[in-house]
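Take a look at the structure below.
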Amino acid sequence: MTWFAAGMRGPLRWPQEITAGVTLAALAIPLNIGYAQIAGLPPVAGLYAAIVPMLMFALLCSSRQLVASPDAPIAALIASLLVAIAARPGSPQYVELAYAQALVCAVVFLLFYAFKLGFLANFLSEPVLVGFIAGLAVEILTSQAEKILGIHTTAERFFPELWEIITQIPRAHPWSVVIGVATMLAVVALRRLAPALPGPLIALVAATAVVAWAGLDTQGVSVLGHVPSGLPVPHWPSITLGQWAALIPGAIAICAVTLADGLLTARRYAEQHHYRLDADTELRAFGLANIAAGLTQSMTIGSSASRTAAMDAAGSRSQIPSALCAIVVAVLVGLFSGVLAYLPNTALAAIVAVAVVRLIDVRKLAGLWRLRRSEFWIAVVCLLGVPVLGSLTAVIIAFLLSAVDVVRRASRPSTATLAPGDHGRYIRGPAGGALVVYRFESQLFFANAGTFKSEIIHLAAQGAQWIVLDAEAITDVDTTGAAALRETADALRERGVTFVVSRATTPLRHLLAHYGLTDLVHYDSNEAAAAAYQEEDHG
């Protein structure tokens with residue numbers, strides 16, 4: 001309860017916190033049901049996620065704003081991952097696998113916490129994350145379009161499914177389309193005209209009332225159906241050992257996306273409101289919250305940027321709204337679950353579609369196209385990879401693309417030759433004469449060792465007799481880099497070229513000595529190295 005202790009040092013604005021809690025519950029009820037449907041789970045699995053797991057995270061996290069809940073990317077990942085294990089969505093075995101998925105995610109989160117592995121999420125760069133989440137959004141929108149149109153498709157691949165939806169539009173169920181489109185328009189209108197009101201809940205209640213009043217459920221409009229009454233009870237998933245193992249890759253993918261998105265959101269609000277965020281505490285909180293999810297028949301939870309933004313806009317500065325939301329949802333499922341049976345599925349799909357379409361960040365994609373085309377194409381590959389290849393394959397591709405991009409950039413580090421400037425200081429300038437100062441502005445490792453060696457040898461071929469390596473910016477050298485440094489020094493010596501090092505930090509000198517490079521001559525500055533050259537030249 002780091003946030004609670006910090007919040008107690010200043011006055012909590014209880015009216016705002018209570019209003020935010022009611023608003024969060026109003027958002028969570030329709031969205032959690034919708035996300036449970038996306039994941040192929042019963043509605044109650046989404047509602048249960050807003051009780052014990054949400055409360056657990058609220059009590060243990062350090063962020064005062066971050067809302068932990070099921071969200072669209074996680075729901076889509078669960079669906080694609082569990083179907084790949086050959087379980088039919090909605091079947092008892094599928095549901096058991098979903099509960100187990102939450103527990104495996106919890107273990108991954110706690111391992112990340114124990115071994116300080118949160119930095120791995122940094123390999124999901126912004127282009128990768130933008131493309132990946134947009135791809136999940138496209139996949140979700142495709143599935144929601146079927147519900148809004150009141151049709152069923154049999155295709156298992158994305159493009160055949162999309163084509164089947166398009167060809168079935170003339171056979172769409174009219175009332176389903178009317179209710180779905182009206183719900184979307186109502187949510188969008190309320191968001192723009194009355195953003196303080198819980199638009200999704202208002203639109204859902206209105207759609208439900210219309211369906212019940214007009215008896216549209218008897219005319220083909222699909223409704224949610226029976227939702228079990230009562231609070232969640234402890235339950236251990238009943239699956240095989242092999243199935244537990246099969247869930248591990250998917251759990252890593254879910255955790256990676258949650259960390260990349262959730263920690264970024266939490267840090268942004270912590271900086272905005274001037275308090276300290278402990279990333280390790282967030283990892284532990286996600287882990288323990290997902291233990292609660294797996295043991296209380298809930299779906300896996302991550303973070304929700306949209307609900308976090310809604311809480312911040314409502315004036316919340318603590319996790320009290322999450323606690324109030326858990327209480328409201330517990331009362332709903334414990335006493336009033338019967339009213340949920342009449343919720344029209346087309347309205348739920350419309351609410352999810354409005355929430356999900358914002359995940360396709362066209363502005364960021366356009367910015368990538370304008371600023372760096374290579375990153376734009378990485379985003380496009382990730383976007384198309386999710387619906388075409390599947391989310392797990394897309395995550396692997398995303399990590400590989402990020403790693404390749406990092407190595408590609410590192411293999412071409414910034415380098416420069418320096419020339420004497422005002423007051424004898426060395427600044428960037430063209431190489432000329434027998435003395436050349438060469439600056440290497442990166443760590444020296446396997447990816448750029450070849451560049452280092454070839455550029456220095458090229459300087460010697462142009463007539464340099466003294467080459468000074470300005471090593472101020474070299475922070476680390478691996479064994480490949482050390483070998484390149486040794487080979488470069490030996491090659492220059494055979495040519496009769498003097499090779500020295502300047503401005504190396506003390507840790508770097510110790511590291512070079514550790515690699516056996518003790519014969520390199522070091523100078524504290526480029527000016528000192530130049531003076532030594534002048535003395536030797538005139539000696």
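Here Leu185 clears all of (1) surrounded by 14 or more Cβ atoms within 10 Å (Cβ to Cβ); (2) without any contact (Cβ under 8 Å) to a residue 24 or more places away in the chain except the condition numbered (1). Among the numbered conditions (1) in contact with a Leu (Cβ under 8 Å, 6 or more places away or on another chain); (2) under 23 Å from Leu277 (Cβ atoms), the only one that Leu55 does not meet is (1).
Against the conditions (1) touching a strand residue (DSSP E or B) at 6+ places or on another chain (Cβ under 8 Å); (2) crowded, with 20+ Cβ neighbours inside 10 Å, Ala341 satisfies every one except (2). When segment 397-406 is filtered for residues that are in contact (Cβ under 8 Å) with a residue 24 or more places away in the chain and either under 15 Å from the mean Cα position of the chain (by Cα) or open to solvent by less than 60 Å² (accessible area, probe 1.4 Å) (or both), the ones remaining, listed by number, are Ala398, Phe399, Leu401, Ser402, Ala403, Asp405.
Any chance segment 76-86 includes a residue that's touching a strand residue (DSSP E or B) at 6+ places or on another chain (Cβ under 6 Å) and closer than 24 Å to Leu383 by Cα? Write out each step before concluding.
First pass over segment 76-86, keeping only residues touching a strand residue (DSSP E or B) at 6+ places or on another chain (Cβ under 6 Å): none.
So far as segment 76-86 goes, no, none of its residues is touching a strand residue (DSSP E or B) at 6+ places or on another chain (Cβ under 6 Å) and closer than 24 Å to Leu383 by Cα.
Summed over segment 284-342, residues that are closer than 30 Å to Arg191 by Cα, hydroxyl-bearing (Ser, Thr, Tyr) and either modelled with pLDDT of 90 or more or not in a helix (DSSP H, G or I) (or both) total 7.
Within segment 59-76, the residues that satisfy the criterion of being among the hydrophobic types (A, V, I, L, M, F, W, C), closer than 22 Å to His273 by Cα and open to solvent by less than 10 Å² (accessible area, probe 1.4 Å) are Cys61, Leu66, Val67, Ala68.
Those helices (runs of 4 or more DSSP H) of segment 430-517 in which at least 2 residues are open to solvent by less than 50 Å² (accessible area, probe 1.4 Å) and within 22 Å of Glu536 (Cβ to Cβ), considering only elements entirely within it, cover 449-461, 479-494. Taking the conditions (1) farther than 21 Å from Arg157 by Cα; (2) within 22 Å of the chain's Cα centre (by Cα); (3) among the β-branched types (Val, Ile, Thr) in turn, Val95 satisfies each one other than (2). Just to be sure before I move on: is Val52 surrounded by fewer than 24 Cβ atoms within 10 Å (Cβ to Cβ), in contact with a Pro (Cβ under 7 Å, 6 or more places away or on another chain) and farther than 20 Å from Gly225 by Cβ in the structure I sent? Criteria met by Val52. Of the helices (runs of 4 or more DSSP H) entirely within segment 152-256, those holding at least 1 residues that are more than 30 Å from Phe286 (Cβ to Cβ) and not small (Gly, Ala, Ser) occupy 158-168, 174-193, 199-214.
So if I check each of Arg370, Arg363, which one is assigned to a helix (DSSP H, G or I), without any contact (Cβ under 8 Å) to a residue 12 or more places away in the chain, open to solvent by 50 Å² or more (accessible area, probe 1.4 Å) and more than 23 Å from Asp71 (Cα to Cα)?
Values: Arg363 fails: more than 23 Å from Asp71 (Cα to Cα).
Going through Arg370, Arg363 in turn, just one is assigned to a helix (DSSP H, G or I), without any contact (Cβ under 8 Å) to a residue 12 or more places away in the chain, open to solvent by 50 Å² or more (accessible area, probe 1.4 Å) and more than 23 Å from Asp71 (Cα to Cα): Arg370.
The values are calculated or read from the model by the stated rules, or taken from the named source; none is laboratory data. Not measured: the values here are computed from a predicted model. Every residue, glycine as well, gets a Cβ built from its backbone with ideal geometry; the counts of neighbours run over all protein chains shown. With ligands, DNA and RNA removed, areas are computed over all heavy atoms of the protein, side chains included. Shrake-Rupley method; radii C 1.70, N 1.55, O 1.52, S 1.80 Å.
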